[in-house]
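Single-structure report; data block below.
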Amino acid sequence: MSSNGTQVPDPNRTPYGYVPTEAVCITFLVLFAISGLLHLFQAIKYRTWWMIASLVVGCAGEVIGWSGRLWSSQNPGLLDPFLMQITTTIISPSFMSAANFTILGFIIRKIGTQYSWLTPRWYLIIFITLDLASLVVQAIGGARASAAAENDEDADPGGRIMLYGIVAQM
């Protein structure tokens, strides 16, 4: 029991294996919200519409994910906020990565394609294909971990599969 009479949850009985820190959740929630709004403003002002489909969507996903973690910090035993954050915080960086590959293409076009092994188009094709493949691996691991968590079983095997997908994505 805590000093105010409420029961402190056992961190081992949460889907995370710990209780997320509320201050960290709020910090990242605010930072991604600000970043998403700034990118939206830039996309509209400079008519770079691809930024909405990549950076703004990625930031929105992170805001949803960190909202789920914030919810989990206040109700650590609930499964819904865990599932909400695990899916969005895994998928959202892929949108930001696509923006980086798009920017790389712009840079290659600007300095000259003769300085690059691949054309800007091939960078997008290769890296986005690999990104999607790693997301599929992460989704398989996430589904397995989620199913295990719902059945009160060990989610580590699914977590390891997700980790392999994240490493492959890097």
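Before moving on, here are some points about what is shown:
- Hits in the stretch 59-92 - residues which are touching a residue at least 60 places away in the same chain (Cβ under 8 Å) and part of a helix (DSSP H, G or I): PHE82, LEU83, ILE86, ILE90
- Taken as a whole, the structure places VAL56 among residues that are part of a helix (DSSP H, G or I), open to solvent by less than 40 Å² (accessible area, probe 1.4 Å), closer than 27 Å to GLY165 by Cα and among the β-branched types (Val, Ile, Thr).
- One residue stands out in the stretch 141-155 among those that are free of Cβ contacts under 8 Å to residues at least 40 places away in the same chain and open to solvent by less than 90 Å² (accessible area, probe 1.4 Å): the one that is nearest to THR14 (Cα to Cα), namely ALA148.
- Test: ASP131 is part of a helix (DSSP H, G or I) and of a type in the set (Asp, Glu): yes
The values are calculated or read from the model by the stated rules, or taken from the named source; none is laboratory data. It should be emphasised that the depicted structure is a prediction, and the values quoted were computed from it without experimental measurement. Every residue, glycine among them, receives a Cβ derived from its backbone with ideal geometry; neighbour counts consider all protein chains shown. With ligands, DNA and RNA removed, areas are computed over all heavy atoms of the protein, side chains included. Shrake-Rupley method; radii C 1.70, N 1.55, O 1.52, S 1.80 Å.
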